[in-house]
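The values are calculated or read from the model by the stated rules, or taken from the named source; none is laboratory data. This one's a predicted model, so the numbers in the text were calculated from it and none came from an experiment. Cβ placement follows ideal geometry from the backbone for every residue including glycine, while neighbour counts extend to all protein chains displayed. When the accessible area is computed, the model is the full protein with side chains, heavy atoms only, and any ligands, DNA or RNA have been set aside. Shrake-Rupley method; radii C 1.70, N 1.55, O 1.52, S 1.80 Å.
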Amino acid sequence: MSELSGLAGPRAGAGADIDYVQLLTPEGVRIGNDEYDFTGDDDQIAGLYRDMVLTRRFDLEATALQRQGELGLWAPCLGQEAAQVGSARALGPRDHVFPTYREHGVARCLGVDPVDLLRMFRGIDHGNWDVETHRFNLYTVVIGAQTLHATGYAMGLERDGLVGTGDPERDAAVLAYLGDGATSQGDVSEAFVFSASYNAPVVFFCQNNQWAISEPIERQSRIPLHKRSSGFGIPGLRVDGNDVLASYAVTQKALEHARSGNGPTFIEAYTYRMGAHTTSDDPTKYRLADEVEHWRLRDPIARVRAYLARSGGADDAFFARIDAEAEDLAADVRKRCLDLADPSLIDAFDQVYAEQTPYLTEQQAAYAAYLETFEDAEGGTR
Amino acid sequence: MTTMTIAKALNAGLRRALEADPKVVLAGEDIGKLGGVFRVTEGLQKDFGEARVIDSPLAESGIVGTSVGMALRGYRPVCEMQFDGFTMPAFDQIVNQVAKLRFRSGGRITMPMVIRIPCGGGIGAVEHHSESPEAYFCHTAGLKVVAVSNPNDAYWMIQQAVASDDPVIFFEPKRRYHERGEVQEAGEPRPLHSAQVLREGTDVTLLAYGPMVKVCADAAVAAEDEGRSIEVIDLRTLSPLDMSVITRSTEKTGRLIVVHEAPGNAGLGAEIAARTTEQCFYSLEAPVLRVTGFDTPYPPSRLEEEYLPDLDRVLDAVDRSLAY
């Protein structure tokens with residue numbers, strides 16, 4: 001294959017020959033890059049550190065809640081904190097996000113109550129946050145479907161005259177998240193076609209965490225993912241997704257590119273899902289411990305902590321304070337999760353249509369009458 | 001009062017919708033310069049511009065999926081699926097996204113979209129160009145489904161569908177696109193989700209929608225020669241069903257026959273028969289009968305005249321109903 005077409009060998013999809021934007025090494029050393037730079041100070045880096053630690057602690061608590069039977073399912077983001085926090089903190093005040101179902105760190109940065117994320121996995125509702133207030137759309141379970149929604153929303157921004165005005169107070173863009181598995185979906189290719197054809201202000205942020213449940217990236221792609229988009233006329237680049245500074249810098253630049261009217265960008269954040277795809281699968285059945293260990297040494301949080309400790313940007317008291325805050329967050333989330341009231345099926349009938357239908361009204365009334373028969377029985381009226 | 005074809009009536013209705021609300025946008029394949037393969041959108045891009053009448057890439061999921069995004073941004077997209085069979089690549093976006101976003105958001109999100117689908121056979125087309133996929137969409141909570149049969153309804157119902165805050169699947173009978181009829185541009189239209197009694201009768205009720213309405217109307221005229229008084233209902237709204245009109249007519253005649261092109265198995269006729277039986281059991285003089293397409297894939301066009309319900313099959317069903 002490689003001899004015929006110039007494609008790399010079968011490990012190409014895995015990115016065997018890694019070439020990506022990196023600004024902070026796994027050892028916590030900042031390095032330069034000709035095109036991308038993180039211009040923030042150590043206080044800002046400390047803020048990113050806090051975001052990542054709190055995201056991880058929340059995620060671990062959610063995983064624990066699932067293991068204890070309090071959530072039906074959880075999709076952990078363990079290991080992907082830098083990609084999520086870095087990209088999310090690069091958002092401007094008018095940008096909008098279209099997530100998958102794993103963007104817990106992004107949700108946090110946009111002010112979504114973490115308990116609202118748990119409601120969905122506890123079976124209370126399908127998403128309880130106001131998408132306009134938080135500029136964070138509902139989680140999308142069907143793989144890749146949200147990339148089209150993001151593109152359409154971006155087309156709307158363009159029609160609203162909010163792109164390329166030159167006024168930073170007006171211009172806006174869309175950040176669409178997807179995983180490596182999603183790049184196999186038709187909707188993602190269609191989103192590439194539409195966004196390129198209409199020059200839509202959208203940034204596709206692909207977290208290549210190497211595994212689509214048990215399918216490795218080699219099963220999804222013969223070429224590194226960031227090279228996919230060029231065939232659609234969309235610039236693509238790869239960033240070290242475990243590097244929060246690089247994730248921030250490339251996303252910021254791509255969003256600015258989009259806001260300025262220069263169209264879409266595809267970013268492959270090269271990262272690793274340290275946990276299961278969801279709590280339903282067992283990653284020890286499909287991947288090797290060596291691989292996990294390899295990535296553990298590239299932990300996104302440890303390298304920032306090492307940097308801050310060395311630079312003097314944070315001291316032990318700071319780290320202790322963040323750790324304590326994380327414990328408080330976990331306790332609060334746990335308590336409020338367990339306190340969530342169950343929903344009522346009677347209300348569900350009202351949420352289907354803007355204009356209610358006679359048939360649903362009938363069904364709702366009949367069900368209410370049926371429920372009342374049980375109350376009568378309990379009341380001992382027989 | 002003006003006389004025009006269904007295609008022209010839809011065009012005039014879409015024009016009024018575009019004029020009435022700057023948030024209305026049309027999207028679909030070839031709907032711009034060409035004006036759509038059936039010319040329903042003719043001249044609209046010229047008058048409203050490429051930003052509002054969007055010639056889409058050849059990707060149905062993309063058309064519907066990007067329209068979802070535009071709806072989230074406050075637009076009111078009207079998508080054209082070029083032919084019924086090509087709706088299926090967009091099926092996921094329609095049933096998982098368009099239909100469910102309101103419910104998923106606990107009622108916070110509205111999805112004011114229209115998905116126009118030229119439907120049905122009878123035009124001698126190749127495969128995938130003559131399907132009747134309405135049952136899939138009627139089965140999906142969150143969608144509303146309508147079918148037009150005449151120019152006046154085409155003119156008004158498309159405007160009502162665009163104005164609706166609920167997503168509407170809008171079926172257009174492609175073999176009737178060029179049939180003419182009167183359009184009353186002044187005055188109040190009937191509500192979008194209401195059936196209409198087209199012809200009063202006392203012996204049997206014939207119920208149809210879209211392209212089969214004319215077949216049933218013709219059958220009623222033919223049956224009159226044999227001394228039979230047939231009531232004809234144009235269903236108009238497939239989901240929600242206007243059961244009040246159906247039950248009132250069935251209670252009057254005691255006999256109901258549902259006619260549609262789609263295969264009978266688990267088709268809309270089955271739902272109508274079941275609900276009518278539940279509600280009108282003691283008024284029925286005969287079981288609710290169905291005259292439908294057969295449970296084969298839509299056949300090659302040389303066979304479609306046999307496949308599609310026609311005057312004779314409808315009259316045969318009238319005979320069977322009256323024989324009970």
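General observations
- Selection within segment A:138-157 - in a loop (DSSP other than H, G, I, E, B), more than 7 Å from every other protein chain (Cβ to nearest Cβ) and open to solvent by less than 10 Å² (accessible area, probe 1.4 Å): A:TYR139, A:THR140, A:GLY144
- Members of segment B:275-324 found to be more than 30 Å from B:ARG248 (Cβ to Cβ) and assigned to a helix (DSSP H, G or I), listed by number: B:SER301, B:ARG302, B:LEU303, B:GLU304, B:GLU305, B:GLU306, B:TYR307
- Residue list for segment A:180-198, restricted to those being among the charged types (D, E, K, R) and either within 12 Å of chain B (Cβ to nearest Cβ) or in a helix (DSSP H, G or I) (or both): A:ASP187, A:GLU190
- The sole residue among A:GLY152, A:GLY105, A:GLY144 that is over 25 Å from A:VAL244 (Cβ atoms), within 14 Å of the chain's Cα centre (by Cα) and of a type outside the set (Val, Ile, Thr) is A:GLY144.
- Where A:LEU360 falls short, out of the listed (1) open to solvent by 70 Å² or more (accessible area, probe 1.4 Å); (2) within 14 Å of chain B (Cβ to nearest Cβ): (1)
- Matching residues, segment A:344-357, being more than 9 Å from every other protein chain (Cβ to nearest Cβ) and either crowded, with 16+ Cβ neighbours inside 10 Å or not in a loop (DSSP other than H, G, I, E, B) (or both): A:LEU345, A:ILE346, A:PHE349
- Being more than 17 Å from the chain's Cα centre (by Cα), more than 14 Å from chain B (Cβ to nearest Cβ) and modelled with pLDDT of 95 or more is a property that A:PRO201 lacks.
- Failed criterion for A:GLY127 (all others in (1) away from chain B (no Cβ under 14 Å); (2) within 22 Å of A:LYS335 (Cα to Cα) hold): (1)
- Some residue of segment A:260-281 being in contact (Cβ under 8 Å) with a residue 12 or more places away in the chain, part of a helix (DSSP H, G or I) and under 23 Å from the mean Cα position of the chain (by Cα): no
- Verdict on B:GLY142 being touching a residue at least 40 places away in the same chain (Cβ under 8 Å) and at the interface with chain A (Cβ under 8 Å from one of its Cβ atoms): yes
- A:PRO264 vs. criteria crowded, with 19+ Cβ neighbours inside 10 Å and away from chain B (no Cβ under 14 Å): no
- In segment B:1-59, the residues that are closer than 17 Å to B:ALA161 by Cα and touching a His at 6+ places or on another chain (Cβ under 8 Å): B:ILE6, B:ALA7
- Residues located in segment A:326-343, provided they are open to solvent by 60 Å² or more (accessible area, probe 1.4 Å) and either part of a loop (DSSP other than H, G, I, E, B) or more than 26 Å from A:ASP125 (Cβ to Cβ) (or both): A:GLU327, A:ALA341, A:ASP342, A:PRO343
- A:GLN220 vs. criteria more than 9 Å from chain B (Cβ to nearest Cβ), surrounded by fewer than 23 Cβ atoms within 10 Å (Cβ to Cβ) and of a type outside the set (Val, Ile, Thr): yes
Residue by residue, here is whether (1) more than 19 Å from A:ALA150 (Cβ to Cβ); (2) out of contact with any Cys (no Cβ under 9 Å at 6 or more places or on another chain); (3) open to solvent by 60 Å² or more (accessible area, probe 1.4 Å) holds:
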site	(1), (2), (3)
B:ALA7	yes, yes, no
B:GLY28	yes, no, no
B:ARG39	yes, yes, yes
B:PRO57	no, yes, no
